[in-house]
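Notes for the one structure printed next.
What follows is calculated from the coordinates using simple rules that are stated; it is not laboratory data. Bear in mind that the values here come from a model prediction, so they are computed numbers and not experimental data. Note: ideal-geometry Cβ built from the backbone for every residue, glycine included; neighbour counts use all protein chains shown.
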Amino acid sequence: METTLRIAIQKKGRLYEKSVALLRDCGIPIISSGSGKLLAKARNFPLEVLFLRDDDIPKYVEENVAVIGIAGENVGLEIVNPDLILEKLGFSRCRLSLAVRREAEYPGPEFFEGKKIATSYPRILRDFLQEKGIAADIEEISGSVEIAPAIGLAEGVCDIVSTGSTLLSNGLREVETVLTSEAVLIAAPNLDPEKQALLEQLLFRIDAARKARNNKYILLNIPNDKIQAVADILPGMKSPTVLPLAREGWSSLHSVVPDNDFWLKIADLKDIGAEGILVIPIEKMVQ
Ligand code: PRP
Ligand code: ZN
């Protein structure tokens, strides 16, 4: 039987779309299996996609039910075993925050003294409160935490905030950040050699897709005596290609530069006389 890898991604929520997009950028689209299906196949790679609640993903990977997963860095299972983390993915950033009713007066963390806080992350919250010297009652619930204040279950909540729209639509206000998190790629330990080899192929593709996303191909026209100045402005621009232009004393410069670099430096480039600047997305980048 052909070896197949199983990847666990979020069923719906903060991580879902970017996880699917990352696979698509790797040339591995998921074959849609209709809503509600928890297992799907993918095209172009022996991959099966398991859709789970984000908080459950680390456990499935740790127990080898999925060999790889995209999970929240430090909220799923409360703290993801660092040995499982291969790399941070830089998307789906979020915070684990304390929130209170919008109209509540909030003097500071002492607000929570003697009060009840609903959360799915009791251990992280307990440590946070302990550090602040606050004695509060932690009510552990596994979902729909944001509804707790409205139904009188708790005075505050400790939950994940991404865009803030869940808090807003439930009449809540964020008052303390407990921790910040982002998506991470996790992998099961001790894979058999065949799976390990496939995993490496997949990681290679993920790496190429991510590098491509974080870099741009840039072309610009510049007087010959300013070529070095461009390189000084964009240190990420390693050995650019320089082509002579028909226009006397000018060259066309081509290179790959990190996205951020470029946007911060565009005014400086124009100041030294760069013209005809083109910034082009890169499809894949293999080094
Ligand atoms: C978290 C959290 C909120 C939502 C907040 O859910 O429980 O429901 O994200 O995001 P927002 O600030 O953009 O509204 P998650 O994506 O972890 O899904 P889950 O509730 O199924 O665990
Ligand atoms: Zn979640």
Taking the chain and dividing mean pair separation by its residue count, relative contact order in percent (alpha carbons under 8 Å, at least six apart): 18
If the convex hull is drawn through the Cα atoms of the chain, its volume per residue in Å³: 188
Fraction in percent of alpha-carbon pairs per bin - 5 Å, the stretch 72-215: 2, 9, 17, 18, 15, 11, 8, 8, 6, 5, 1, 0
Ranked highest first by the average count of other Cβ atoms within 10 Å around their residues, in what order do 97-105, 127-135 fall? 97-105, 127-135
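Relative to the present Cα-Cα distance, how much length would full extension add between residue 192 and residue 40 at 0.36 nm per residue of separation? Each step should come with its number before you reach the end.
On the way: separation 152, 0.36 × 152 = 54.72 nm, distance 2.28 nm.
Difference between extended and current length: 52.4 nm.
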In the chain, whole DSSP H helices that both stretch 20 Å or further along their axis by alpha carbon positions and average at least -1.0 on the Kyte-Doolittle scale are 193-214
Assign one of three labels to the stretch 1-113, namely rounded, prolate or oblate, based on the Cα gyration tensor with a ≥ b ≥ c the square roots of its eigenvalues; rounded applies when a/c is under 1.5, prolate when it is not and a/b is larger than b/c, and oblate otherwise. prolate
Least to most buried among 84, 234 (fewest other Cβ within 10 Å first): 84, 234
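Tell me, what is the percent relative contact order of the stretch 94-181, built from C-alpha pairs under 8 Å that lie six or more residues apart? Please report the intermediate quantities before stating the final value.
Working: 166 pairs, mean separation 43.8, N = 88.
The normalised contact order for the stretch 94-181 reaches 50 percent.
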Going by C-beta contacts inside 10 Å, put 119, 166, 177 in order with the fewest on the left. 177, 166, 119
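Of the listed peptides 192-199, 212-219, what is their order by residue-averaged count of other C-beta atoms within 10 Å, with the highest listed first? Show your work: numbers first, answer last.
Working: 192-199: 13.6, 212-219: 18.1.
Highest-to-lowest ranking by the protection proxy: 212-219, 192-199.
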Two decimals, Cα atoms only, Kirkwood Rh: what is Rg/Rh over the stretch 215-281? 0.92
With all distinct Cα pairs included, what does the Kirkwood hydrodynamic radius of the stretch 176-287 come out to in Å, to one decimal, could you say? 16.7
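Which value in deg cm²/dmol, rounded to the nearest 500, describes the helix-derived mean residue ellipticity at 222 nm for the chain, given -39,500 (n - 2.57) per DSSP H run of n ≥ 4 and division by the residue count? If you can, show how the numbers build up before the last one.
Values: 7 runs with 74 residues, N = 287.
Helix-only estimate at 222 nm: -7500 deg cm²/dmol.
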With both bridge residues required to lie in the chain, what share of the DSSP beta bridges run antiparallel, to the nearest 5%? 75
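Using the count of nearby Cβ atoms within 10 Å as a rough guide to exposure, how do 60, 106 rank from fewest to most?
Details: 60 19, 106 16.
Final ranking by Cβ density, sparse to dense: 106, 60.
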If you filter the stretch 1-97 for GluC sites (Glu not before Pro), then keep DSSP loop positions with at most 14 other Cβ within 10 Å, what is left? 2, 63
